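Read the structure below first, then the notes.
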Amino acid sequence: MTRKSSNRLRRGAIVPLVAVILVVLIGMVAFSVDIGYILVARTEAQNAADSAALAGIARLAEQLKRAPVIGGVPLQTAGDLQRVRDEVKAFARRNAVRSNAPELLDADIEIGYMATPYDHRDDTLDKTGWPARPYNAVRVVVARDSSHAGGPLDLFFAPVLGTDQANTRASATTAITMGSIHPRGNHGPYRGGILPFTFQVDEWNALLGANSTGKVLAANGATITLTDNFTVDPQSTGPGGVHSGGDGRFEVCMYPNGTTSGNYGTINFSKTKAGNSTNVLRDLIVNGPAEADWPDLPDILAATHGKPVGVNGDPGLSAGMAPAVEAIVGESRILPLYSTVAGQGNNTYYEIVGFTPITIVKVEFQGSQKSAIMIQPDIVSLKSFVGDGNQLYFDVSPGTDPYALYLGARALVR
């Protein structure tokens with residue numbers, strides 16, 4: 001065989017090899033371009049899911065803060081949950097997954113209760129116990145597939161390999177931490193919001209458990225009178241947020257509220273006898289206590305039904321404190337609750353057993369004679385603004401049995 005014919009044979013053998021290599025190269029191009037396209041779509045779907053879930057949990061929290069309080073918890077209705085779904089769908093449509101606004105079905109939006117939102121070993125959204133235990137979590141799925149408008153992603157080069165389309169999906173879960181709470185004293189820009197007053201726990205529980213206004217008998221044998229004459233704007237940070245008209249949160253007279261001779265429920269943040277001037281009490285009413293000023297404060301704020309803490313009582317309010325009380329009308333505050341009281345005047349001691357969020361809705365002073373301080377239950381969010389740029393702060397330990405008047409941090413948790 002001549003050299004010339006040998007070269008022709010080599011060239012003939014290379015042609016099919018190049019054809020095979022081209023097929024592989026085209027496959028690689030298809031793989032790289034289409035995989036990149038799918039990954040971009042997946043990122044867009046995740047962005048849509050994240051923003052929609054965050055919008056949903058914000059609406060859920062807002063509705064809880066506006067809800068009537070029934071049986072000690074904010075009343076969450078089926079209508080509230082549908083409004084959350086509507087908000088989620090609206091925010092999802094503001095995004096695009098490869099030029100198509102994602103369609104969310106009701107089945108793509110799950111609302112339930114997450115006892116331990118930051119524990120990734122448990123993804124359960126519990127549906128039991130509702131509405132006595134309000135839902136605190138929203139899960140959203142954004143998908144491009146045959147079940148949703150827009151359909152699967154149309155691929156560019158992959159059809160060469162027999163694949164025309166691809167599905168993509170992303171999910172996001174947001175939650176509000178709820179559980180048992182531990183109030184905090186003032187620190188930095190935060191305010192514990194603890195009032196230097198206390199209210200009898202059985203009487204408070206009677207208010208929370210009441211179904212209507214009027215006279216209610218508490219477990220301690222006392223009769224309290226409940227009204228529903230005021231509405232508090234949940235964004236309120238002052239008297240301008242309190243309006244006439246009922247809001248499903250009953251009011252009760254906090255002061256005067258005879259507890260023992262010479263004392264009406266004003267306290268010092270001390271386990272031993274202390275004397276407060278009017279100026280000190282004014283400061284406590286407006287700003288709350290700081291641990292630096294009250295060494296017993298950490299022990300007092302750890303009080304529970306199972307571990308009550310005795311605190312010293314102060315003889316009472318004077319007319320000089322009226323401006324301080326009037327200044328915090330409409331603001332969120334934390335009220336200590338007591339079980340028993342003993343002693344008289346500034347020798348009075350209260351057994352503190354818990355803390356509840358409240359709002360003062362009415363204050364009346366007539367000269368040196370105080371006529372009324374009316375309060376109603378509040379639903380407070382962590383870091384809610386109180387007063388001049390201060391924020392309310394407390395610790396929340398997640399759990400299955402929350403004190404639902406406290407809403408902790410809300411965030412993306414999955």
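Can you list the aspartates and glutamates whose alpha carbon sits under 13 Å from that of LYS215, skipping same-chain ones fewer than 8 residues off?
Cross-link targets: GLU203, ASP228, GLU251.
Find how many whole Å separate the alpha carbon centroid of the stretch 236-281 from the alpha carbon centroid of the stretch 57-76.
Each part's Cα centre sits 24 Å from the other's.
Rg/Rh for the stretch 330-414: what does it come to with C-alpha atoms and Rh from Kirkwood?
Values: Rg = 16.6 Å, Rh = 15.6 Å.
Radius of gyration over Kirkwood radius for the stretch 330-414 works out to 1.06.
How much accessible area per residue does the chain have, in Å², with a 1.4 Å probe?
Working: 18690 Å² over 414 residues.
On a per-residue basis, the chain sits at 45 Å².
Using only C-alpha positions, report the orientation-averaged shadow area of the convex hull of the stretch 305-357, nm², one decimal. Numbers along the way, then the final one.
Working: hull surface 17.4 nm².
Seen from a random direction, the Cα hull of the stretch 305-357 projects 4.3 nm² on average.
Given the C-alpha centroids of the stretch 314-366 and the stretch 169-207, what is the distance between them in whole angstrom?
Here the two parts' Cα centres lie 18 Å apart.
In whole Å, how far is the Cα centre of the stretch 125-158 from that of the stretch 386-414?
Using only Cα atoms, the two centres lie 26 Å from each other.
For the stretch 101-197, what are the per-bin percents of Cα-Cα distances with bins 5 Å wide, up to the bin holding the maximum?
3, 10, 14, 12, 11, 11, 11, 8, 6, 5, 4, 2, 2, 1, 0, 0
Let me see the P(r) profile for the chain: every Cα-Cα distance counted, bins of 10 Å, each bin given as a percent of all pairs.
5, 19, 24, 18, 11, 8, 6, 4, 3, 2, 1, 1, 0
Give me the percent of accessible area attributable to carbon and sulfur for the stretch 234-356, probe 1.4 angstrom. Write down the numbers at each step before the final one.
Working: 2410 of 4780 Å².
In the stretch 234-356, the share of accessible area belonging to carbon and sulfur is 50 percent.
Relative contact order, percent, of the chain when contacts are C-alpha pairs under 8 Å separated by at least 6 residues?
Details: 935 pairs, mean separation 77.4, N = 414.
Computed value for the chain: 19 percent relative contact order.
Do the alpha carbons of any pairs in LYS273/LYS362; LYS362/LYS383; LYS89/LYS127 sit beyond 27 Å of each other, and which pairs? Intermediate values should be presented prior to the final figure.
Working: LYS273/LYS362 30 Å; LYS362/LYS383 24 Å; LYS89/LYS127 21 Å.
Too far apart for the 27 Å limit: LYS273/LYS362.
Could you please put LYS89, LYS215 in sequence from largest to smallest accessible area, using a 1.4 Å probe?
Output order, biggest surface exposure first: LYS215, LYS89.
Given a 1.4 Å probe and the protein chains all in place, what does the accessible area of TRP130 round to, in Å² to the nearest 10?
We get 80 Å² for TRP130.
With the radius of gyration and the Kirkwood radius both derived from the Cα set of the stretch 157-285, what is their ratio Rg to Rh? Before the final figure, lay out each step's value.
On the way: Rg = 25.3 Å, Rh = 19.8 Å.
A ratio of 1.28.
Apply the Debye scattering formula to the stretch 277-326, with a single equal point scatterer on each alpha-carbon and no solvent, then give log10 I(q)/I(0) at q = 0.18, 0.23, 0.25 Å⁻¹.
Rounded to two decimals, the profile gives -0.69, -0.94, -1.01.
State the Kirkwood hydrodynamic radius of the stretch 270-374 in Å, one decimal place, computed from all pairs of distinct Cα atoms. Each step should come with its number before you reach the end.
Numbers: mean 1/r = 0.0680 Å⁻¹.
In the stretch 270-374 this quantity evaluates to 14.7 Å.
Considering only protein heavy atoms and a probe of 1.4 Å, how much of the accessible area of the stretch 93-195 is carbon and sulfur, as a whole percent?
Details: 2330 of 4850 Å².
Percent of accessible area from carbon and sulfur atoms in the stretch 93-195: 48.
The values are calculated or read from the model by the stated rules, or taken from the named source; none is laboratory data. Bear in mind that the values here come from a model prediction, so they are computed numbers and not experimental data. The accessibility values were calculated without ligands, DNA or RNA, using every heavy atom of the protein model including side chains. Shrake-Rupley method; radii C 1.70, N 1.55, O 1.52, S 1.80 Å.
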